[in-house]
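This report refers to the structure that appears directly beneath it.
The values are calculated or read from the model by the stated rules, or taken from the named source; none is laboratory data. Computed from a prediction, not measured in an experiment: that's the story for all the values here. Note that each Cβ is placed from the backbone with ideal geometry, even for glycine, and that neighbours are counted across all protein chains shown. These accessible areas exclude ligands, DNA and RNA; they are computed on the full protein's heavy atoms, side chains included. Shrake-Rupley method; radii C 1.70, N 1.55, O 1.52, S 1.80 Å.
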Amino acid sequence: MTAPTYQYVDLPDASIVTTRALLTARENIADTVAARAMMCIHGNAGFGKTLAVNTCLHELEDTRGEEVCRVTFRARPTARAVRYELFETLRLPGEPPRHPSEFDRLLKTALAERPRTFLVDEAQWLNGEACG
């Protein structure tokens, strides 16, 4: 498998080695997406979590046409920052609503239109306000 350039492995003839961990991640991610569920992959820095997730989701995009929305929030984002990031990620038309209740209604309507897979990288940066 050729290494995608989004994973910062931009070396000539570089390839991803399919390890047991990558195969497990692929199976778990495919099952989670099929079930429209939520999962968390965690581990120490440098163990290949982001590589595994991006590789597996890239395969889902290619083989199943799954729309994958990748979101990374800054550290400890406010609820307002999360709303704006989702607005941009979903490529919603027009200007973002000014009031939280209108914004929430717009996002809920857009998210209900069709299934999507969201990858929230560095989710540990979210706090209680952003998740509430």
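Rolling a 1.4 Å probe across the protein heavy atoms gives the chain an accessible surface of 69 Å² per residue. Counting only Cβ charges, +1 for Lys and Arg and -1 for Asp and Glu, the dipole size of the chain around its Cα centre is about 400 debye.
Report in % the part of the accessible area of the chain that belongs to carbon and sulfur, leaving out ligands and nucleic acids; probe 1.4 Å.
Numbers: 4910 of 9120 Å².
Accessible surface attributable to carbon and sulfur in the chain totals 54 percent.
Close amide H contacts of Gly48 (hydrogens built in the peptide plane, cut-off under 5 Å, sequence separation of 5 or more or a different chain): none are found. Amide H contacts for Arg116 (H built 1.01 Å from N in the peptide plane; partners 5 or more residues away or on another chain; cut-off under 5 Å): none found.
Taking 8 Å as the Cα distance limit and 6 or more residues as the minimum spacing, I'd like the relative contact order of the chain as a percentage.
On the way: 110 pairs, mean separation 33.9, N = 132.
Answer for the chain is 26 percent.
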